[in-house]
Every structure is written in structure tokens, then in C-alpha cells.
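The values are calculated or read from the model by the stated rules, or taken from the named source; none is laboratory data. These numbers were taken from a predicted model, which means no experiment stands behind them. Positions of Cβ are generated from backbone atoms using ideal geometry, with glycine treated the same way; all protein chains shown enter the neighbour counts. Ligands, DNA and RNA are stripped out before the accessible areas are found, and what is left, the full protein with its side chains, is counted by its heavy atoms. Shrake-Rupley method; radii C 1.70, N 1.55, O 1.52, S 1.80 Å.
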Amino acid sequence: MKPDRLNNIIHERVRLAVMSALAARGKITFCELKDILEVTDGNLSVHATVLEQNGLIKIKKDFLAKKPRTTFSITDKGKREFRKYIEELATILHDRP
Amino acid sequence: MEKAQAISDLEFIKKTMKASTRYTNIPPMGYLLSGWFGLAGPFYTWLYLGAEKVGDPARITFYDVVILAIAWLTILLAAAFSSAVFSVLRARRLGKSAWNSLVARMLGSQVPLLFAAGILTIAMAAAKQYSLIPGIWLISYGLVLFSLYFFTGKDHLIQSVIFLALGAASLFSPAQASLILLAAGFGATNLFFGIRGLLKEKEVYETGPAQ
């Protein structure tokens, strides 16, 4: 069961992993993130889109040496929400017997 | 949510955050150790040469140059070795390989810059322009960090700007000041980012089960 106060968007394994990686790095490419999280292209795309639609991350597409490159970066809102999420987990940890 | 689930989630967050920095991979302790080496170098140089030779580099002899070259090479190798050891240990803890194609590309891309820095250092020493050497080192390292930024994160960008600024200041400063700026770059800046890294890790760990 998920308490109401935990962010619904972040509270999903792949999305939580994406947010954790971006909280540590700020910006990261699609390929690198896929390698770190060990997820499929499709799975990562779907979850990244959800995060982007909710303003937690930004997705930028450009070309590097004529090859397409997708880069994810965390937004200010994303940083705030992720911090809040960790604080909520900490509260649960300390409040519950 | 059960407490066990919260613990598991926090562990997952910590592990992912650490795994995502495995390409930068130098842990805070690596920075701290490099920072101490970075302070030791200028301090030793100052002690060895004395205030007179530091203030008037024209008095530096060939023998002094050889001794200082050995000292600085030792410091460089010690800092590189300790950073490598910490990185390997960190990668092992994460169950990942410390060496992969991206790391190889990252390091490979630095070879021309390091070569240029080495050649410029020798050229400056041959021309007895010793006071310019700290500036060259700071700027070269700033450029290395700037190119690493494209593989890593904004910490390297911030460090790069600091090193480039200190290097530029050093090139136009008196000899004594350039040694202080060298210590500020390789010493204080690395120590600052080491402490910052430790605090960042603590911030996440504080919520963990070990508390």
C-alpha cells in the first residue's frame, strides 16, 4: 500500500530509478541510463514520457556525429518532488514502529 | 506502506544514485585524498625552494627543477593511483566493472590534453618560466574536466570553471601567488568537492536503516 502523501508519479520502480539517477547526475543520455537501469528501450521511453508530462524531467533530442541522441535532465520541480519523496520515506521509516 | 518497503525503496534509490555516477566514479574519499596531495605539492615546493626562490624564480637551479619534477611526478602518480583504487572499489561494491568502453573513451579523449600540458611544462621549465607552470597545469586540468563534463555531470563543469579561472589568474599573478592558486585548485577545490560529496551521500544515508 502506498500512503497518499507519496508522489504517485515517482512511486514506480523504473520512474524512481530514473529520478534517482537524474538526482545524482542532473543530466544523462538515454543509452547510458538504459545501461545503468538495465531496462528495455520501450520501458524506459514510456516511463520517461510520464515523468516529462508531469514536468519532473526534460527530454532533449539532438544529433551527435550524425547520430540521434536523447538526453534526460531533471527539472527544478523534479528536484523538489524527489527530495519530498525521500523525506516522506524517511518519515515513514521513523514514524512506523 | 510498511517500514520494510520504505527501507527497500531507500536502498534502491541509494544504489541507483551510486550506479549512475559510476562513470565519474571517483568517490568523495578519492577527492579528499587528491585534495591533500594537491595541498602537499605546493607546500613542499614552498618549503623546498624557500621564500626567496619562490619570489624570484630566476634563482631556481637545474638541480631544484629535477628534485621538484620527481616530487610532483610522485604526487601525480599517487593521486592518480589512489583515485583509481577508490574507483575500482566503488565499482566492485556496485557489482559493476570499473573498466568499460565509455571509461576508455573518456580517458582516451584526455590523452592529447595531458600530452600538451606535459610538453608545455617542459617548454616553460626549459625557458626558466617557472611561475607560468601552475597556470598551465590549472588550465589544462580545467580543460580535462570540461571535456569530462560531457560524459558525467555538472559537478565537473563547476570544477572546470573554477580551475580555468584559477589558471587564468595564476598566469597573470606574481610567482608566490601562483603557488597559492595551485594549492587553491588542486588542494582546496578537491577537498571542497570531497566534503560536499560526503555530505550528499550522508543526506541520502541519513534516511537509511543504518541510523
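Magnitude of the charge dipole for chain B, about its Cα centre and with charges confined to Cβ atoms of Lys, Arg (+1) and Asp, Glu (-1), is about 500 debye. Only protein heavy atoms count here, probed at 1.4 Å, and on that basis chains B and A bury about 2500 Å² of accessible area in total. Within the protein assembly as shown, all pairs of alpha-carbon atoms sorted by distance into 10 Å bins from zero give the percentages 6, 24, 28, 20, 13, 7, 2, 0. Each Lys and Arg adds +1 at its Cβ and each Asp and Glu adds -1 at its Cβ; summed about the Cα centre, the protein assembly as shown shows a dipole of about 600 debye.
The local environment of residue B:154, defined by Cβ-Cβ distances under 11 Å, has a net charge of +1 under the rule Lys, Arg +1 and Asp, Glu -1. Against chain A, whose longest principal axis is taken from its Cα atoms, helix A:76-95 shows a tilt of about 30°. Counting only residues at least eight positions apart within a chain, or on another chain, the aspartates and glutamates with an alpha carbon under 12 Å from that of residue B:15 are B:201.
A Förster distance of 41 Å, applied to the separation of the beta-carbon atoms of residue A:76 and residue B:63, puts the FRET efficiency at 0.10. Scanning chain B for GluC sites (Glu not before Pro) in DSSP loops with at most 14 neighbouring Cβ atoms within 10 Å leaves B:3-205 as the longest stretch between them. Cα gyration tensor of chain A, axes a ≥ b ≥ c as square roots of the eigenvalues: rounded (a/c below 1.5), prolate (a/b > b/c) or oblate? Prolate, since a/c reaches 1.5 and a/b exceeds b/c. Here the Karplus curve 6.51 cos²θ - 1.76 cosθ + 1.60, taken at θ = phi - 60°, turns the phi angles of the stretch A:35-47 into couplings of 5, 5, 7, 6, 10, 7, 4, x, 4, 5, 4, 4, 5 Hz, with x standing for Gly and Pro. Since only A:74, B:31, B:120 are under comparison, the one whose Cα sits farthest along the positive direction of the charge dipole of the protein assembly as shown, derived from C-beta charges on Lys, Arg, Asp and Glu, is A:74. Of the trypsin sites (Lys or Arg not before Pro) found in the stretch A:6-97, the ones in coil according to DSSP and having at most 15 other Cβ atoms within 10 Å of their Cβ are A:66. Report, in deg cm²/dmol and to the nearest 500, the calculated mean residue ellipticity at 222 nm for chain B, where each DSSP H run with n ≥ 4 adds -39500 (n - 2.57) and the sum is divided by the residue count. Dividing the helical sum by the residues of chain B leaves -26000 deg cm²/dmol. If you take the Cα centroid of the stretch A:70-97 and the Cα centroid of the stretch B:42-79, the two points sit 49 Å apart.
Dipole check for chain A: with +1 at the C-beta of Lys and Arg, -1 at the C-beta of Asp and Glu, and the Cα centre as origin, the magnitude is about 360 Debye. Between residue B:122 and residue A:13, the FRET efficiency estimated from the beta carbon spacing at R0 = 45 angstrom works out to 0.25. Our estimate of slack between residue B:43 and residue B:99, defined as 0.36 nm per intervening residue step minus the Cα-Cα distance, is 16.8 nm.
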